Amino acid sequence: MFKYDKKLAYPINIKKKDIKMAKYLLTQFGGANSELGAALRYFSQKFTMPTEEGRALLNDIATEELGHVEMICTMVYQLLKGASLKELEDNGLSTQYIEHGYGLYPTDSNGMPFTVTYFASVGDPIADLAEDMAAEEKARVTYEHLIDMAKDTDVIDVLLFLRQREIVHYNRFRALYEEYKYEMNN
Amino acid sequence: MLFTTYEDDNEMANEFFNIGNDTSASDILSPKQGLTLGNLFASEYDRYKDYKPREIRVSNEKERLMLSIYELSFAINDLNLKLDVDPNNRTYFNLLKDYAKKLDGLVKDYSNKYGALEVCLDLNNNYSWIKNPWPWEGNSNV
């Protein structure tokens, strides 16, 4: 089960409204390389990992990713605070407003709703871990694109942190993948 | 970025935080450095372009305590993932135990003074869980 701690994984305090950035960031809530996709991917895959190490790693990274979903939503929420309907309209979020008001809803930056077809779980640790490594690399690139577009250091600091976590997760998945490969061949 | 090596990134981490040479002991950064970089292990740090992560600033005792909680939680999480794939590493395990003990004290201290961080730590006269702000609300440095 899960237990809630009343804190984020990394503190977020964005003081400047930025509707465009909120729209871009939405993709890490509900897009193809999103934190939500990551959390559900590893959560689904953990049950069929063949070793103690594998079950623990997939469980623990899935949990961390759920914390990252909360961080992305926090950024979107803070960036939209006080935005007028006119501002939403001028920055391409009026259609989002029609469907969801100011509510958070997992879509990509173009408003395409989240779908579980963004990830796979095939019950084979080698195939699942190969997907996981690719997913971390794609999420890293997405964060780099977001950092390229960001102007406010309050936003950039958080994105640098999240990007770095993708690198750490990639390394842990790779270590497990290589161990499984080695065991298969020896 | 694509072609920077781990050595370059080590140098960057070393220069930024004065952490000395990359021996296995100094590969583990402090919880403060770890949270700032998003990575507890200097040799794994991967810089993006010339962005330099900023240290988180706090302005009062409450925020200082909360920042320490953030830092220790981060370090524990990163040691946790490292130990998942290297469960017999005593260095990591001893550090995890040390940080876990420290974190436990700080979380209890904070919950007692400023409102519960976990619902089971709501031990004073009034129910504080709904009173203290949710972490997504912002308006403070941490």
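The values are calculated or read from the model by the stated rules, or taken from the named source; none is laboratory data. Keep in mind the model is a prediction, meaning the values are calculated, not measured. Cβ sites come from the backbone with ideal geometry, for glycine too, and all protein chains shown count toward neighbours. These accessible areas exclude ligands, DNA and RNA; they are computed on the full protein's heavy atoms, side chains included. Shrake-Rupley method; radii C 1.70, N 1.55, O 1.52, S 1.80 Å.
Is it the case that segment B:71-86 has a residue that's at pLDDT 95 or above, surrounded by fewer than 20 Cβ atoms within 10 Å (Cβ to Cβ) and within 26 Å of A:THR153 (Cα to Cα)? Looking through segment B:71-86, none of the residues is at pLDDT 95 or above, surrounded by fewer than 20 Cβ atoms within 10 Å (Cβ to Cβ) and within 26 Å of A:THR153 (Cα to Cα). Is there a residue in segment A:97-119 that is among the hydrophobic types (A, V, I, L, M, F, W, C) and closer than 22 Å to A:HIS169 by Cα? Taking every residue of segment A:97-119 in turn, at least one turns out to be among the hydrophobic types (A, V, I, L, M, F, W, C) and closer than 22 Å to A:HIS169 by Cα. Can you spot a residue in segment B:110-131 that is under 13 Å from A:LYS7 (Cβ atoms), of a type in the set (Phe, Trp, Tyr) and open to solvent by 30 Å² or more (accessible area, probe 1.4 Å)? For segment B:110-131, residues under 13 Å from A:LYS7 (Cβ atoms), of a type in the set (Phe, Trp, Tyr) and open to solvent by 30 Å² or more (accessible area, probe 1.4 Å): present.
Cβ separations smaller than 7 Å between residues 6+ apart or across chains give the following pairs from segment A:6-19 residues that are acidic (Asp, Glu) to residues that are part of a loop (DSSP other than H, G, I, E, B) and modelled with pLDDT of 95 or more: A:ASP18/A:ASP152. Can you say whether A:LEU129 is within 13 Å of another protein chain (Cβ to nearest Cβ) and closer than 18 Å to A:THR63 by Cα, as far as the supplied structure shows? It is true that A:LEU129 is within 13 Å of another protein chain (Cβ to nearest Cβ) and closer than 18 Å to A:THR63 by Cα.
Going through segment A:1-45 one residue at a time, which ones are within 14 Å of another protein chain (Cβ to nearest Cβ), open to solvent by 10 Å² or more (accessible area, probe 1.4 Å) and among the basic types (Lys, Arg)? A:LYS3, A:LYS7, A:LYS15, A:LYS16, A:LYS17, listed by residue number. As a summary of the residue check, B:ASP50 satisfies the conditions (1) acidic (Asp, Glu); (2) in contact (Cβ under 8 Å) with a residue 12 or more places away in the chain; (3) not in a helix (DSSP H, G or I) except for the one numbered (2).
Considering (1) surrounded by fewer than 22 Cβ atoms within 10 Å (Cβ to Cβ); (2) under 18 Å from B:ASP84 (Cα atoms); (3) touching a residue at least 12 places away in the same chain (Cβ under 8 Å), the lone condition that A:HIS169 does not fulfil carries the number (1).
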